[in-house]
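In what follows, a structure is listed as structure tokens, so that the remarks can point back to it.
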Amino acid sequence: MTNEQHRPNVLLVVAHPDHDSASWALTRAVEEGIRSDGSTAVTVHDLTATGFDPVFTAADLAVHRLRGEVPADVAREHRLVESADVVVVLFPVYWWSLPALAKGWIDRVFSRGWAYENSATETGSAIDELHFVGLAGVQERTYDRRGYKESMTTQLRHGIAGYSAVANSSLTLLYGTETTDAAAHQDLAAQAFKLGADLAQRAQAAFDRS
């Protein structure tokens, strides 16, 4: 975090186009959990609404090769991430991974010289904490049987957060989001609220360290 804010802040990056979906219902529950301590701010970053372009272009490749300037839209994302103590990417699980919009955000925003190999920071990364929250349509037993969570953990925590030298990262999956059972949705909302409260505590700890 490079900002001079006066209270901890969580950046909640959301990749889902439908605000009436379970994904957004649980996003709102996470947001409420973050705000519940009364001292932690939260910025909800709707990638669909902002029109963020996830396509990795020749300009992005030039940045990776250290031969070009960071595109203006990516630079705006960098400033937004830098304003946060904790960054959370919330997404529906598509084909046991990130949807294209969220993956493209990672591809373009987690650029060389900023997310990793950043000489201006002690760790080599501009990102302090990175947490992934996946909304899984099926139940946990399917993930356990097929090894899906282990695979996603390798990809997200080790392949992205670890490669970017992010010291603190996690993957949380909320299971069974496609159910029509109202009680199950209430339980999911309670899980999401608690997750938000836990993220607020992490943001406070990170803020105190900065």
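Before moving on, here are some points about what is shown:
- Residue tally, condition surrounded by fewer than 11 Cβ atoms within 10 Å (Cβ to Cβ) and in contact with a helix residue (DSSP H, G or I) (Cβ under 8 Å, 6 or more places away or on another chain), over region 35-69: 2
- Hits in region 164-189 (condition: hydroxyl-bearing (Ser, Thr, Tyr), more than 25 Å from Gln201 (Cα to Cα) and either open to solvent by less than 80 Å² (accessible area, probe 1.4 Å) or at pLDDT 95 or above (or both)): Thr177, Thr179
- Among residues of region 190-206 being of a type in the set (Gly, Ala, Ser) and closer than 14 Å to Thr40 by Cβ, the one that is surrounded by the most Cβ atoms within 10 Å (Cβ to Cβ) is Ala203.
- Pair list, Cβ < 9 Å and 6+ apart or interchain, from region 57-74 residues that are touching a residue at least 60 places away in the same chain (Cβ under 8 Å) to residues that are assigned to a helix (DSSP H, G or I) and open to solvent by less than 40 Å² (accessible area, probe 1.4 Å): none
- Residue that is nearest to Ser23 (Cα to Cα) [pool: residues in region 158-202 that are touching a strand residue (DSSP E or B) at 6+ places or on another chain (Cβ under 6 Å) and among the β-branched types (Val, Ile, Thr)]: Thr177
The values are calculated or read from the model by the stated rules, or taken from the named source; none is laboratory data. Being a predicted model, the structure only gives us computed values, none of them experimental. With ideal geometry, Cβ positions are generated from the backbone for all residues, glycine too; neighbour counts draw on all protein chains shown. The area values use the complete protein model at the heavy-atom level, side chains included, leaving out ligands, DNA and RNA. Shrake-Rupley method; radii C 1.70, N 1.55, O 1.52, S 1.80 Å.
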